[in-house]
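Student: Before I ask anything, let me first share the structure, which is written out below as structure tokens.
All of the numbers you see were taken from the coordinates with simple rules; none came from a lab. Remember, predicted model here, so these are calculated numbers, not experimental data. Every residue, glycine among them, receives a Cβ derived from its backbone with ideal geometry; neighbour counts consider all protein chains shown.
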Amino acid sequence: MIIYSAVLPFALGNSMGAVYYSLLPTAASKMAVMFSTGGVAIVLGMIASYTGMFTDPLQKSLGWHDKKLHKLIDGLEQNLTGQSEQTHNYKDGYVARVLDLADILLTVSSKLK
């Protein structure tokens with residue numbers, strides 16, 4: 001019934017709509033969704049892995065690398081010498097991203113069943 005309701009408003013007529021929707025289904029299969037989502041994730045991962053080639057020289061020229069390195073070394077020194085009151089300082093953003101990732105994995109696993 002889905003194909004019939006898709007064929008009626010087809011712009012090139014009912015017969016062309018029937019041919020079109022017989023070749024291309026109106027709904028994507030689970031495998032098509034999984035492969036397209038995985039392909040997008042792989043492509044975006046590759047892009048993200050190479051962005052450092054462009055941003056690192058910019059950060060070095062602006063002095064951001066040195067600033068981050070000195071901040072890290074100073075924080076480690078304070079923790080190791082006992083001058084710091086905090087032993088571990090977890091950022092809320094990191095915890096939120098880990099929980100988001102767990103939520104996404106649970107959602108995907110429930111949809112695949």
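Student: Suppose R0 equals 35 Å; then what is the FRET efficiency for LEU62 and ILE104 from their Cβ-Cβ distance, rounded to the nearest 0.05? Present the calculation step by step, with values, prior to reporting the outcome.
Tutor: Values: r = 34 Å, r/R0 = 0.97.
It comes to 0.55.
Student: Give the lysines reachable from LYS60 as a straight Cα distance under 21 Å; neighbours fewer than 8 places away on the same chain don't count.
Tutor: Counting by Cα, and skipping residues close in sequence, LYS60 has these lysines nearby: LYS68, LYS71.
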